[in-house]
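A.B. asks: If you scroll down you'll find the structure; I have some questions about it.
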Amino acid sequence: MKLKPMVAMTAVAAILAFSAWHLTQGREEAAESKPEQPAEAPASSGKAGEQVVVLDQAAEMKSGVAAAPLQPISYHRQVQAYGAVLPLQGLIDLRNSIETARSQREKAAAMLETSRREYERLKVLHADDRNVSDKALQTAEAAWKTDEANVRAARAALNAIEQNARQQWGGVLAKAASDGSPLFKRLVEQQEVLLQITAPSGVHIPQPPRTAGIRLADEAFGTATLISPAPRTDARLQGTSYFYSSAAPSLLPGMNITAYLPYGEKTQGVVIPASAVVWWQGKAWIYVQEGAQHYVRQEIPTDNPIEDGWFASRAFKAGEKIVVTGAQMLLSQEFRSQIQSGEEGESGEKGEAGEKGKKE
C-alpha cells in the first residue's frame, strides 16, 4: 500500500520534467526562427542633414576609395555665352571668288602691257616720217585705253569682293581666305571648326578673351582659340560676337553650343577635378573626407567649368580632402544604406503592431 504514493510522486516529477524540456525547446526554436537583425548601416545622418558614409579600413581599401587635397587656382570670372558651329561654304566661295577676280585682274594687266607696248611702237614709227598710218596709231591707242579701263574694273571688282569679305568675316578671316593661310587650310581640311560665340545682350567685355571654354554635346569641356571679333552679331541674341576656332572632333557645322568667356579680375578658389564628381538628380556632387573613413556628400556649382573639372570659390578651401577615386561607389553605398534603414524601420513598425495586437 505504501508503493502507490511513491509511484504517484514519480509520475508527477516526470510530467514536470517533460514540461520544462518542452518549454525550453520551444524557446530555442522560436529564437532560431526569429529573423536576424540587419547589420548596422554604414551611413548615418550628419550635421545639418548631411549624409555621412562610413567605411571601415578594409572596405575602404577593397573599394579603391582615394582622397586628395583640393588645389588652389587663380580664375577669371566667366560669363555664359552662346556659340554656333559655322559652315565653311561661304568662306570657300569667298576664296574662289577672290581667285577668279585676281585672275581677271592679272589677265587685264597682261593685255594692258601688250597694248601699251604696241601703241608705243607704232607711235615711234608714226613719228619717223609717218611709217604707219594715223588710223593704225589711233586703233592702237584705243586698245591701250580700253585695256587700262579693264584693269581698273578688275581691280575694283577684286576690292569689292575683299571689302565685302571683311564686312562679313572680319579682317583676319578675310585675309586668311584671300591668302590661303594655314588657318584657312586647317578649317577647310576639318582639322578645326569655326565658331561664332556671342555674349548675352548688355554684357560688355572690354578685351576679347584669347581662349574660351565650350561645353560639348557629351558634357565634356573643351577650349576654343580667338580668331577675331566678328563684324556682325547673331540676330537672335543681339550681343557682341567673336570668331573662335576649336579642334574638338565632336563639333559639327550647324551645332549650337554653350560657351564661357572669361573677363574681369581674377578670383581665388580651388579646382574640383572631374573624376571626383558624381551626378544625381541633375546636380553635381562630391564626397568630402571628414576624419578617417568618414565621407560627406556635398553639392558643387557647375557654372564655372574649366578644363578637366570645375572652379569653386565658396564652400571649399585649398587643402581640404575630397574623394577623387571611388565617388560613384560611395554614392551607391549611401543609397544601399538608406534602403536598409528603411527596411529596419518597416520591420520595427510591424513588430510594434504585432506586440500591440497580442496585448489586446
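Nothing in this text is a laboratory measurement; each read-out follows from the coordinates by a stated rule. Given the structure is predicted, the values throughout are model-derived calculations rather than measurements. All Cβ positions, glycine included, derive from the backbone under ideal geometry; neighbour counts span all protein chains shown.
A.B. asks: Using the number of other C-beta atoms within 10 angstrom as an exposure proxy, rank V188, V277 with the fewest first.
C.D. replies: On the way: V188 15, V277 20.
If I rank by nearby Cβ atoms, fewest first, I get V188, V277.
A.B. asks: For region 191-237, which trypsin sites (Lys or Arg not before Pro) are both in a DSSP coil and crowded by at most 11 other Cβ atoms within 10 Å?
C.D. replies: Answer by residue number: R210, R232, R236.
A.B. asks: Could you give the size of the charge dipole of region 90-187 about its Cα centre, using +1 on the Cβ of each K and R and -1 on the Cβ of each D and E, expressed in debye and rounded to the nearest 20?
C.D. replies: Approximately 420 debye in magnitude.
A.B. asks: Specify which residue in the list I98, A136, A153 is farthest towards the positive end of the charge dipole of region 90-187, using unit charges on the beta carbon of Lys, Arg (+1) and Asp, Glu (-1), about the Cα centre.
C.D. replies: Of the options given, the answer is I98.
A.B. asks: Next question, about the same structure. If I model a spin label at D93 and A110 as a point 7 Å from the Cα along the Cα→Cβ vector, what separation in nanometres do I get?
C.D. replies: Spacing of the two 7 Å Cα→Cβ label points: 2.9 nm.
A.B. asks: Taking neighbour counts of Cβ atoms within 10 Å as a proxy for exposure, in what order, fewest first, do V172, V85 appear?
C.D. replies: Working: V172 16, V85 19.
So the residues, fewest neighbours to most, are V172, V85.
A.B. asks: Moving on. Rank the residues D303, D179, D129 as a footprinting-exposure proxy: fewest other Cβ atoms within 10 Å of their Cβ go first.
C.D. replies: So the ranking, lowest neighbour count to highest, is D129, D303, D179.
A.B. asks: Now, a different point. Tell me, what ³J(HN,Hα) does each residue in region 305-319 have, in order and in whole Hz, if you take phi through Karplus 6.51 cos²θ - 1.76 cosθ + 1.60 with θ = phi - 60° and put x for Gly and Pro?
C.D. replies: In residue order, the calculated couplings are x, 10, 5, 6, x, 9, 9, 9, 10, 10, 6, 10, 9, 4, x Hz.
A.B. asks: Here's a follow-up. Could you give the length gained by full extension between A220 and T267, i.e. 0.36 nm per residue of separation minus their alpha carbon distance, to one decimal place?
C.D. replies: Length difference between fully extended and current span is 14.5 nm.
A.B. asks: Relative contact order of region 279-341: what whole-number percent is it, with Cα pairs under 8 angstrom and at least 6 residues apart? Walk me through the intermediate numbers first.
C.D. replies: Values: 49 pairs, mean separation 17.7, N = 63.
Rounded, it is 28 percent for region 279-341.
A.B. asks: OK, next. Fully extended, how many nm does the chain gain between R77 and S63 (0.36 nm per residue separation, minus their Cα-Cα distance)?
C.D. replies: Going from the current span to full extension adds 1.3 nm.
A.B. asks: Taking Rh as the Kirkwood radius computed over C-alpha pairs, what is the Stokes-Einstein D of region 126-250 at 4 °C in a medium of viscosity 1.567 mPa s, expressed in µm² per second?
C.D. replies: Using the Kirkwood radius from Cα pairs, D works out to 70 µm²/s.
A.B. asks: Hey, another quick one. Starting from the Cα of L125, step 7 Å along the direction of its Cβ; do the same at N159; then give the gap between the two resulting points in nm.
C.D. replies: In this crude label model, L125 to N159 measures out at 3.6 nm.
A.B. asks: Enumerate lysine pairs in region 90-187 that are 8 or more residues apart or on different chains, then count those whose Cα atoms are under 30 Å apart.
C.D. replies: 9
A.B. asks: I'd like the FRET efficiency for R186 and K317, computed as 1/(1 + (r/R0)^6) with the beta carbon distance as r and R0 of 30 Å, rounded to 0.05.
C.D. replies: FRET efficiency, R186 to K317: 0.10.
A.B. asks: Any idea what % of Cα-Cα pairs in region 90-187 are farther than 23 Å?
C.D. replies: 45
A.B. asks: Could you derive backbone 3J(HN,Hα) for region 77-83 from the dihedral phi with the Karplus parameters 6.51, -1.76 and 1.60 (θ = phi - 60°), listing whole Hz in sequence and x where the residue is Gly or Pro?
C.D. replies: Per-residue couplings from phi come out as 4, 10, 10, 6, 10, 10, x Hz.
A.B. asks: Something else: Counting Lys and Arg as +1 and Asp and Glu as -1, each charge on the Cβ, what is the dipole of region 204-296 about the Cα centre in debye, to the nearest 20?
C.D. replies: 260
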